[in-house]
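The values are calculated or read from the model by the stated rules, or taken from the named source; none is laboratory data. Predicted model only: the values in this text are computed from it and were never measured. Reconstructed Cβ throughout: ideal geometry from the backbone, glycine too, with neighbour counts over all protein chains shown.
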Amino acid sequence: MKNADAIIERINGFLVEEFEVEPSRITPEANLKTTLELDSLDYIDLVVVIESHLGFKVKPEDFQGIVSFQDFYNYVIPRVHTKELV
Amino acid sequence: MNRVVITGIGIYSCIGKNLDEVRDSLYEGHSGIVLDPVRKAFGYRSGLTGYVEKPNLKGMLDRRARITLPDQGEYAFLATTEAMRLARLDPDWTEKHIFGIIYGNDSTAKSVIEAIDIMREKKDTMLVGSGSVFQTMNSTVTMNLATIFKLRGINFTVSAACASGSHAIGLGYHFIKTGLEASIVCGGAQETGHYSMGNFDALSAFSTHESEPTKASRPFDRHRDGLIPSGGAATVILESLESAQGRGAPIWGEVIGYGFSSNGAHISNPTVEGPVRALRMALQEAGLRPDEVDYINAHATSTPAGDSSEARALDEVFGSARPCISSTKSMTGHECWMAGASEIVYSALMMRDSFVAPNINFEEPDEDSARLNIIKKSLGKDINVFLSNSFGFGGTNSTLIVRKWDKLTAL
């Protein structure tokens with residue numbers, strides 16, 4: 001099982017690459033939507049990069065309760081572990 | 001009725017990625033044709049193609065704009081950026097004034113195939129991403145450029161096979177002439193990947209002269225054996241004379257004639273009568289006699305039947321006037337949906353720099369081309385009026401006539 005820090009580093013890496021944001025702007029407290037400048041179309045691409053890099057599918061409606069990057073990590077990390085156990 | 005002038009041109013093609021490079025290639029008779037091993041491995045009869053480098057637009061466009069652009073949209077963005085710069089149009093001006101776009105495009109195969117492949121593999125449509133739908137629609141070029149350049153006037157794509165780009169300019173000309181619009185970005189774009197032309201290759205329409213790629217495209221030559229697919233994008237900015245003069249824009253030439261017709265016959269075999277009607281209609285609208293045309297940029301693609309038909313049509317209309325004729329497809333290959341626009345750009349460069357680009361590889365005429373004045377080597381010549389032909393599957397024909405701009409014609 002990978003530790004949380006390694007997963008977060010990986011998540012930040014593909015978010016920086018896909019959404020072309022300065023790495024320093026990504027902090028656990030930062031707002032996911034405004035930092036990545038996500039509009040309604042960009043959430044579809046968020047689904048794509050998660051599937052591509054982490055191997056599981058996300059429903060767009062799952063993002064509704066996610067505000068900060070920490071919320072995002074809290075959503076993703078258990079699913080990465082679940083996938084590894086399957 | 002408004003007079004319609006060209007205030008900017010731009011090009012991204014296999015013979016150059018900007019006007020300067022293209023001008024030199026035209027003058028020197030440089031071919032952009034290569035043999036592509038990917039096509040052979042894919043099952044093409046002919047691996048010949050115009051080579052067009054894929055642009056890198058990172059730093060020029062933001063991510064949102066880039067992910068909705070297919071290859072031909074990228075080419076069109078660069079061609080339009082160059083044309084806008086030459087026309088001295090900045091984003092501030094186009095945002096404040098009504099500016100339209102009519103562009104020719106008739107396929108976007110690569111984007112469609114790549115999206116379907118993902119859906120088949122993943123069994124989830126969402127995994128094609130948000131940019132896919134905007135790449136896969138036939139109007140992809142106009143929807144993307146209208147968004148990027150914030151154009152707020154007429155906005156649609158013309159799909160008319162290999163006459164798409166020419167009809168786009170013809171329609172833009174009419175919209176401005178009749179006062180419906182003052183300024184329109186016109187042009188044509190053509191994708192270049194191996195997905196896009198396989199079914200065209202299936203018709204045995206392409207040259208198989210693979211041993212010498214630069215000699216394979218030989219319009220009007222007795223030993224021609226087919227066309228060579230190519231692509232890129234070309235932009236021609238049209239404006240009313242009033243609009244152009246009002247903002248002090250440079251004027252490259254005046255569009256004075258647009259003729260069109262449909263053969264109403266076979267889906268791929270050409271006729272003589274259809275092009276003759278388009279040619280005569282354009283001449284009549286321009287108010288010109290055949291001997292007043294200095295240069296004809298022929299459609300001639302290097303197919304046995306197509307070139308013969310066009311040669312007969314040109315001979316029937318121009319007869320003893322025998323204007324200078326060349327097919328720049330001898331260098332570029334057939335740029336298909338883009339060709340009608342790119343050949344206006346090529347001809348406009350010749351008109352500006354007073355030369356006729358050669359019909360390279362024209363070594364031995366056949367009985368039809370022998371009746372024409374086909375230019376084999378670069379020729380220094382003042383061009384006051386040029387005419388450009390474009391024909392396409394389904395029998396669609398388009399002829400445009402452009403006159404040089406000078407102070408006399410401005411009066």
- What residue, among those in the stretch B:369-408 that are aromatic (Phe, Trp, Tyr) and not in a strand (DSSP E or B), is modelled with the lowest pLDDT? B:Trp405
- Query: Tally time: how many residues in the stretch A:45-58 are facing chain B (nearest Cβ under 7 Å), under 19 Å from A:Thr82 (Cβ atoms) and not basic (Lys, Arg)?
  - Reply: 2
- Query: What number of residues within the stretch B:308-366 satisfy the criterion of being in a loop (DSSP other than H, G, I, E, B) and free of Cβ contacts under 8 Å to residues at least 40 places away in the same chain?
  - Reply: 1
- Taking the stretch B:230-259 and keeping only residues that are assigned to a loop (DSSP other than H, G, I, E, B) and under 15 Å from the mean Cα position of the chain (by Cα), one is left with B:Ser230, B:Gly231
- Message: Looking at the stretch B:208-217, can you tell me whether even one residue there is in contact with a Leu (Cβ under 8 Å, 6 or more places away or on another chain) and either part of a helix (DSSP H, G or I) or closer than 14 Å to B:Gly340 by Cα (or both)?
- Response: yes
- What helices (runs of 4 or more DSSP H), lying completely within the stretch B:70-166, carry at least 1 residues that are in contact with a Lys or Arg (Cβ under 8 Å, 6 or more places away or on another chain) and surrounded by fewer than 20 Cβ atoms within 10 Å (Cβ to Cβ)? B:91-96
- Message: For the stretch A:1-44, give me each residue that is facing another protein chain (nearest Cβ under 9 Å) and out of contact with any Phe, Trp or Tyr (no Cβ under 8 Å at 6 or more places or on another chain).
- Response: A:Glu18, A:Phe19, A:Glu20, A:Asp39, A:Ser40, A:Leu41, A:Ile44
- Message: Out of everything in the stretch A:25-57 that is farther than 24 Å from B:Glu121 by Cβ and touching a residue at least 40 places away in the same chain (Cβ under 8 Å), what residue ends up being surrounded by the most Cβ atoms within 10 Å (Cβ to Cβ)?
- Response: A:Ile26
- Report yes if some residue within the stretch B:37-60 is within 14 Å of chain A (Cβ to nearest Cβ), part of a helix (DSSP H, G or I), surrounded by fewer than 21 Cβ atoms within 10 Å (Cβ to Cβ) and β-branched (Val, Ile, Thr); otherwise report no. no
- Which of the residues that make up the stretch A:7-24 are more than 22 Å from A:Ile44 (Cβ to Cβ) and either of a type in the set (Val, Ile, Thr) or surrounded by 12 or more Cβ atoms within 10 Å (Cβ to Cβ) (or both)? A:Ile7, A:Ile8
- Query: Quick one: is B:Ser369 more than 25 Å from B:Gly104 (Cβ to Cβ), buried (at least 24 other Cβ atoms within 10 Å of the Cβ) and out of contact with any His (no Cβ under 7 Å at 6 or more places or on another chain)?
  - Reply: yes
- Go through the residues of the stretch B:70-78 one by one and say whether even a single one is more than 14 Å from every other protein chain (Cβ to nearest Cβ), more than 19 Å from the chain's Cα centre (by Cα) and within 30 Å of B:Ser240 (Cα to Cα). no
- Item | the stretch B:107-138, subset among the hydroxyl-bearing types (Ser, Thr, Tyr) and under 25 Å from the mean Cα position of the chain (by Cα), residue farthest from the other protein chains (Cβ to nearest Cβ) | B:Ser107
